Amino acid sequence: MFRPIPLLERNTVEFTQEELNHLLKSGQTPLWLNNADLSGADLSQTNLTKARLLRANLSGANLAGADLSGADLTGANLLRVNFSESNLSGTNLTAANLSHSNLSEVSL
């Protein structure tokens, strides 16, 4: 279901959109996706409550309308992420890169 990426940080995993959809539909919460490469993923309207995404790469991902309340995104790459209308209340964004991200109508 996941593949280590040898040239990147140790323990980094990469998901295809199909694998990610299967994982999200499993209903397992909270999700632990530390160091995951989710760049470009469509996570719109997804329940990521209390998810752990430490140092994850979500660059270019679509998180519009997602619930990230209580999630931990410490050190995550959030470059150009669409967070419009997402719930970020209680989300830890310490040292996260939010450059060029869409934060319109976000709940904090």
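Check whether at least one residue in segment 68-91 is under 22 Å from E14 (Cβ atoms), out of contact with any Gly (no Cβ under 9 Å at 6 or more places or on another chain) and of a type in the set (D, E), and report yes or no. Yes, segment 68-91 contains at least one residue that is under 22 Å from E14 (Cβ atoms), out of contact with any Gly (no Cβ under 9 Å at 6 or more places or on another chain) and of a type in the set (D, E). Looking across segment 61-108, the residues that are assigned to a loop (DSSP other than H, G, I, E, B) and charged (D, E, K, R) come down to R80, E85, E105.
Residues of segment 30-49 that are touching a Lys or Arg at 6+ places or on another chain (Cβ under 9 Å) and hydroxyl-bearing (S, T, Y): none at all.
Note on segment 1-45: residues that are in contact with a helix residue (DSSP H, G or I) (Cβ under 8 Å, 6 or more places away or on another chain) and modelled with pLDDT under 90 total 4. Is one or more of the residues making up segment 64-87 more than 19 Å from L103 (Cβ to Cβ) and at pLDDT 95 or above? Checked against the condition, which is being more than 19 Å from L103 (Cβ to Cβ) and at pLDDT 95 or above, segment 64-87 yields no hits at all. Against the list (1) more than 11 Å from the chain's Cα centre (by Cα); (2) surrounded by 17 or more Cβ atoms within 10 Å (Cβ to Cβ), the condition L73 fails is (1).
With the condition kept exactly as written, say whether any residue in segment 48-71 is in contact with a Pro (Cβ under 6 Å, 6 or more places away or on another chain) and in contact (Cβ under 8 Å) with a residue 12 or more places away in the chain. Walk me through how you get there before you give the answer.
Initially, segment 48-71 is screened for residues in contact with a Pro (Cβ under 6 Å, 6 or more places away or on another chain), giving 50-51.
Next, from what is left, pick out any that are in contact (Cβ under 8 Å) with a residue 12 or more places away in the chain: 50-51.
So far as segment 48-71 goes, yes, one or more of its residues are in contact with a Pro (Cβ under 6 Å, 6 or more places away or on another chain) and in contact (Cβ under 8 Å) with a residue 12 or more places away in the chain.
The values are calculated or read from the model by the stated rules, or taken from the named source; none is laboratory data. Because the structure is predicted, anything quoted here is derived from the model rather than measured. Positions of Cβ are backbone-derived with ideal geometry, glycine not excepted, and every protein chain shown enters the neighbour counts.
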